[in-house]
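Encoded as C-alpha cells, the structure appears first; notes follow it.
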Amino acid sequence: MKSLRIAFGAGVLLAAFPALGADSFGHQWMESYYEHPAPEALVQAVCSLNLEGYFQEPSQQEEAIGFFSTVFQQNPKKVDGWLRSARFLPAPTRRTLAIAAWLAGDPAGAGQVRELFRPFNYPVRAEVDRLLAMAPGSVAQTPVASTESMNLRWGGFLASGDRQHVVSILEALGSRRPGLATSARYALAQDAVSHPRVLEICREELDRQPKAIREELRAMVDNAASQKPSA
C-alpha cells in the first residue's frame, strides 16, 4: 500500500503539465529496451524524449518514472552521472528523473526532488516532504489499483521484460475500481499486438486466471495473434 501511495503521489505531483509527444529515438529506445538493454544511450534517449515533450504529459511521466526507476536500480553506479548530465534540461524532465532516482533508492534522488519542487506553493511542497519522509517503494511491488500505478508498472516492464508487471495489469481486468478494468483492457489489447513478449505472457496466463478474466483474455489473445505488430 505504501508503494501505491508513492506511485499515486508522484503522478499527482507531475500532473500540471501540458500534453505533447511523438515517436523519436528515445521512444524507440524505451519500447525495445527490455529486449536490447542499452544504458549507454540513456542520456541521448532522455534528450530525444525531452525534445518531443514526452516528460510533460502526466501518463507518460508515470510510465517514465517506472521505466527510469527500474533502469536506475539496474545501474546504481551510473545514476549520479546521469542526473548530472540532465541538469541543463527543463525542470519537468529533471523532476521526473529525480523522482525515479529517489524511487530507485539513489541517495541523491531525495535531495534533487526537494530542490526541484521548492518553487511550488505550500500544498505541493508539503506533499513532497510527506512522500520523501517515507522509504521509497519498489515499482515491482506496486499493486495495480489505478491507471497511475498501471502506467508505472508498464514502465517497469519496458525496462525489464519482467512478466510479473504484465500479470499485475492482467489482474486489473477484474477490478471494480471505476475505469481501471477498461484502461487495463485497452492497454493489454494494444500492447499484446505491439509486443510479442506481452502476447506470450498473456497466452501463458490463459489457464491461470479466473474464469471471468480468462474468457476476456482469450479473445484478446486471439485478436492480437491475428494482427501484425505495428511498425
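Bear in mind that the values in this text are calculations on the coordinates, not laboratory data. Small disclaimer: the values here were computed from a predicted structure and weren't measured. A quick note on method: Cβ atoms are made from the backbone with ideal geometry, for glycine too, and the neighbour counts reach across all protein chains shown.
Computed over the Cα atoms, what is the radius of gyration of the stretch 56-157 divided by 2.2 N^0.38 Å, N being its residue count? Mind showing how you got there, number by number?
Numbers: Rg = 12.8 Å, N = 102, 2.2 N^0.38 = 12.8 Å.
The value comes to 1.00.
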Taking every other residue with Cβ under 14 Å from the Cβ of residue 119 and scoring Lys and Arg +1, Asp and Glu -1, one gets +4
Output wanted: per-residue J couplings in Hz (rounded whole) for the stretch 62-71, from phi through Karplus 6.51 cos²θ - 1.76 cosθ + 1.60, θ = phi - 60°, x for Gly and Pro.
5, 4, 5, 4, x, 5, 5, 4, 5, 5
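Just order 142-153, 29-40 by mean Cβ neighbour count inside 10 Å, highest at the front, would you?
Order by mean packing, descending: 142-153, 29-40.
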Determine by what factor the alpha-carbon radius of gyration of the stretch 162-225 differs from 2.2 N^0.38 Å, reporting the quotient.
0.98
If you wrap a convex hull around the Cα atoms of the stretch 72-226, how much volume per residue is inside, in Å³?
133
With +1 on each Lys and Arg Cβ and -1 on each Asp and Glu Cβ, and nothing else charged, work out how big the dipole of the stretch 162-225 is about its Cα centre, in Debye to the nearest 20.
200
Mind ranking 154-164, 178-188 by how tightly packed they are, going by the mean number of other C-beta atoms within 10 angstrom, highest first?
154-164, 178-188
Computed [θ] at 222 nm, deg cm²/dmol, the chain (DSSP H ≥ 4; -39,500 (n - 2.57); rounded to nearest 500)
-20000 deg cm²/dmol
Grab the other residues whose beta carbon is less than 15 angstrom from that of residue 34, score K and R as +1, D and E as -1, and report the net.
-3
Return the long-range amide H neighbours of residue 145 (sequence gap of 5 or more, or a different chain), with a cut-off of under 5 Å between placed amide H atoms.
150
Counting Lys +1, Arg +1, Asp -1, Glu -1, what net charge surrounds residue 210 among other residues with beta carbon under 13 Å of its beta carbon?
-1
